[in-house]
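Only the coordinates and a few stated rules stand behind these numbers; no lab work does. Note that this is a predicted model, so its numbers are computed, not measured. In this analysis, Cβ positions are derived from the backbone assuming ideal geometry, glycine residues included, and neighbour counts consider all displayed protein chains.
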Amino acid sequence: MKFVLSLFMTPTSHIVPLAIAAEQAGWSMATMSDHVVNAESPKTPYPYTPDGKRRWPEFTEFPDQFVTIGAMAAVTTRMRFTTNAFVLPMRDPFSVAKSLATISAISGGRIVPTFGVGWSRDEFDILGREFANRGKRCDEMIEVMRLLWTGQYVEFKGKYYQFDRLEMNPKPARNIPIWIAGMSEAAHRRAARLGDGWLSDWQPSAQILDMIGRIRDYRREYGRDQLPFDVMATPADVFDPAGYQRLEAAGITHIIAQPWQTYYPGTTDLAQQRESVSRFGEDVIRHSS
């Protein structure tokens with residue numbers, strides 16, 4: 001089992017020192033969340049809470065994922081980095097492909113983006129992107145980016161994106177795996193059809209395993225069941241090495257955790273966060289491999 005450090009709601013100034021501590025403590029990856037802006041009075045209810053309210057308070061820091069990953073990559077040598085999740089159809093495929101290829105080239109291939117289609121119509125409207133067709137555009141964007149990452153002349157004639165022969169470089173240091181986030185059937189099918197992995201939400205492990213089963217069925221349907229496939233999850237009811245080993249046997253490859261919520265709940269003290277990262281390595285990671 002591999003462990004992924006969640007940097008959600010972590011002060012931006014803490015992120016680089018925590019990445020250094022995490023690599024030393026045996027963490028495999030670090031991840032962070034994505035919002036460009038947060039409306040004061042959102043019109044779109046948050047889909048993952050019973051009352052539709054967001055899980056984070058006003059003025060929570062959401063640093064740019066790609067800039068921050070570049071900074072973490074510069075002070076580490078082994079850890080990989082993912083996004084939890086990056087809302088792809090709020091952007092364009094060219095600038096995203098360029099950023100990810102650059103991170104890969106600089107870090108030696110240590111980037112594994114996780115893409116979602118997003119839930120906030122407010123944010124799409126503010127950024128001037130169409131919300132209704134975001135799923136179909138996401139699919140096409142993935143196709144476009146994979147072409148661009150070849151570093152060769154490519155062309156594309158899709159419904160949403162069309163271009164004549166062009167090339168984009170630097171190319172990635174190695175193949176960039178793409179993980180797909182989402183709880184809907186459409187997201188599961190997208191993960192099965194286009195993804196190299198899937199990201200769950202914070203939920204009971206039984207629900208996660210049920211969704212893995214559905215994705216496996218779709219992968220067989222698409223003839224992709226023989227390819228490697230990762231699952232990154234945040235089980236709400238498993239917290240011990242034995243439990244993580246059971247989940248690994250069932251197909252979960254990566255566990256997201258924020259260890260200071262166990263040892264120092266709610267802390268924003270860097271020393272306590274750093275200690276928690278190291279302590280989790282001793283208490284859990286070394287017993288779960």
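See the values below:
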read-out: Rounded if a/c under 1.5, otherwise prolate or oblate - the range 165-284, Cα gyration tensor axes; value: oblate
read-out: Rounded FRET efficiency, nearest 0.05, which uses the C-beta distance separating residue 167 from residue 253 and R0 of 35 Å; value: 0.55
read-out: Cβ-Cβ FRET estimate between residue 55 and residue 221, R0 fixed at 41 Å, reported to 0.05; value: 0.75
read-out: Counting DSSP beta bridges with both ends in the range 2-288, the antiparallel % (nearest 5); value: 10 percent
read-out: Calculated P(r) tail over 29 Å for the range 2-288, as whole % of Cα pairs; value: 33 percent
read-out: Residues 196, 51, sorted so that the one with the fewest Cβ neighbours within 10 Å comes first; value: 51, 196
read-out: Counted charge near residue 173, where neighbours are those whose Cβ lies closer than 13 Å (Asp, Glu -1; Lys, Arg +1); value: +4
